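*Asks:* My questions all concern the structure below.
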Amino acid sequence: MLFAARELSRYVSHGTPPLCRAILRTLGSCALCVGFVLLASTRIKGFDSDPGAVPTLSIVAAGLSLTGAIFHLLRIKPALKLSALTVDKSVVESHLRDL
């Protein structure tokens, strides 16, 4: 289980498990991806003409959103393990001081 120092310090300060945050960010990134794909698909008239900047940038943004969704999806398994362990905050604080 690898966690960034920022994730652990957020866990200590807010007390919220990273599982909820990872799930919400995954869903948010998926929603953005779908929204950008829909925006691009409504603006493209066909393959015989230049689509313009908006559909092109929408496809790029959809790809970035999909990348974010995959990243946050990969964070769910470690977040599940941390939630199941119920680690004492003092242990996490001492670990953060050693970093």
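The values are calculated or read from the model by the stated rules, or taken from the named source; none is laboratory data. Note that the structure is a prediction, hence the values are computed from the model and not measured. Cβ placement follows ideal geometry from the backbone for every residue including glycine, while neighbour counts extend to all protein chains displayed.
*Asks:* Of everything in region 60-75 that's among the aliphatic types (A, V, I, L, M) and surrounded by 15 or more Cβ atoms within 10 Å (Cβ to Cβ), which residue is nearest to A4 (Cα to Cα)?
*Replies:* Ranking the candidates gives L73 first.
*Asks:* Go through region 17-30 and report how many residues are at pLDDT 95 or above and among the hydrophobic types (A, V, I, L, M, F, W, C). If you could, list the steps in order and put the result at the bottom.
*Replies:* So in region 17-30, the residues at pLDDT 95 or above come out as 26-30.
Those still in the list that are among the hydrophobic types (A, V, I, L, M, F, W, C) too: 27, 30.
The number of residues fulfilling the criteria is 2.
*Asks:* Also: Keeping to region 15-30, report how many residues are of a type in the set (D, E, K, R) and not in a helix (DSSP H, G or I).
*Replies:* 0
*Asks:* Which residue pairs have Cβ atoms under 9 Å apart, sit 6 or more places apart or on different chains, and have a first residue in region 26-45 that is in contact (Cβ under 8 Å) with a residue 40 or more places away in the chain and a second that is among the basic types (K, R)?
*Replies:* T26/R75
*Asks:* Any residue in region 63-87 that's closer than 27 Å to F36 by Cβ: show its pairings with residues that are outside any helix (DSSP H, G or I) and of a type outside the set (G, A, S) at Cβ separation under 7 Å, as long as the two are six or more apart or on different chains.
*Replies:* Going by the 7 Å Cβ cut-off, the qualifying pairs are A79/P17.
Condition check ((1) modelled with pLDDT under 95; (2) over 18 Å from the mean Cα position of the chain (by Cα); (3) part of a loop (DSSP other than H, G, I, E, B)) across all residues:
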{"position": "R10", "(1), (2), (3)": "yes, no, no"}
{"position": "S13", "(1), (2), (3)": "yes, yes, no"}
{"position": "L32", "(1), (2), (3)": "no, no, no"}
{"position": "F36", "(1), (2), (3)": "no, no, no"}
{"position": "G46", "(1), (2), (3)": "yes, yes, yes"}
{"position": "L64", "(1), (2), (3)": "no, no, no"}
{"position": "I70", "(1), (2), (3)": "no, no, no"}
{"position": "P78", "(1), (2), (3)": "yes, no, no"}
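*Asks:* Name the residue that is nearest to D88 (Cα to Cα), counting only residues in region 17-55 that are of a type in the set (S, T, Y) and out of contact with any Ser or Thr (no Cβ under 7 Å at 6 or more places or on another chain).
*Replies:* Ranking the qualifying residues of region 17-55, first place goes to T26.
*Asks:* Then there is this: Can you say whether S58 is in contact with a Ser or Thr (Cβ under 6 Å, 6 or more places away or on another chain) and small (G, A, S), as far as the supplied structure shows? Write out each step before concluding.
*Replies:* On the way: in contact with a Ser or Thr (Cβ under 6 Å, 6 or more places away or on another chain): no; small (G, A, S): yes.
So S58 does not fit the description; no.
*Asks:* Also: Find the residue count for region 80-99, including only residues that are part of a helix (DSSP H, G or I) and of a type in the set (D, E). Can you show your working first?
*Replies:* In the first step, residues of region 80-99 are kept if they are part of a helix (DSSP H, G or I); the result is 80-85, 89-98.
Subsequent filtering for residues that are of a type in the set (D, E) retains 93, 98.
Here the count works out to 2.
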